[in-house]
1. Restricting attention to segment 8-36, and to residues there that are in a helix (DSSP H, G or I) and within 15 Å of M113 (Cβ to Cβ), which single residue is farthest from the chain's Cα centre (by Cα)?
2. Any chance segment 145-160 includes a residue that's within 23 Å of S51 (Cβ to Cβ), surrounded by 16 or more Cβ atoms within 10 Å (Cβ to Cβ) and among the aliphatic types (A, V, I, L, M)?
3. Considering only segment 56-165, give the strands (runs of 3 or more DSSP E) lying wholly within it that have at least 3 residues that are free of Cβ contacts under 8 Å to residues at least 60 places away in the same chain.
4. Given the conditions (1) at pLDDT below 95; (2) more than 15 Å from T3 (Cα to Cα), which single one is not true for Q121?
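The values are calculated or read from the model by the stated rules, or taken from the named source; none is laboratory data. Bear in mind the structure is a predicted one, so any value in this text is a computation, not a measurement. Reconstructed Cβ throughout: ideal geometry from the backbone, glycine too, with neighbour counts over all protein chains shown.
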Amino acid sequence: MKTIYFTASSLDGYIADKNDSLLWLFKNGPTDISFIDEFVATIGSIAMGASTYQWLLDNLNDQPWPYKVPCFVFTHRQFKTIEGADVRFVQGDVVERHEELKKLAGDKNVWLMGGGDLVGQFHDHGLVDEMHIQTVAVFLNDGKKLFNRRTETAFKIKEIRQRGDTCVEVIYNVRG
């Protein structure tokens, strides 16, 4: 069981544009995204920030919630719920919530889906095992940062995979 930050980023290190939108990714990212389904099959629980959840709400377009596992949304805001979705709005210490996420995941992985600051909080407590970063060959020049922390130690590259002609995925070991 691992806790994995799995996300896409622009070349200049942004996961969303200045309007919290991911549309840049769908215009420029890989066309074969079957690797995402393969990753999701390894997931037993999800943690995401409020902006990521809001973006999903705004862009589902009457489609059902796409995830079949429990999802913790870290927020102080009030949100509507989605029928059939196991979404839990939480606050507080990420260490305590991480223990709950691991129990819910069982022998599968915990996905840190979105929120560079939220992922930074998990990282501050040594809770991130790997980062799977799909870097798309575009510059956004502004927006939500991929990782909202300074690190003095470089992450170790575990694997590099080309994803189409505009994207490369790098898997980093964060711990160990």
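1. L25
2. Looking through segment 145-160, at least one residue is within 23 Å of S51 (Cβ to Cβ), surrounded by 16 or more Cβ atoms within 10 Å (Cβ to Cβ) and among the aliphatic types (A, V, I, L, M).
3. Here the list reads 71-74, 87-90, 156-162.
4. Failing condition for Q121: (2).
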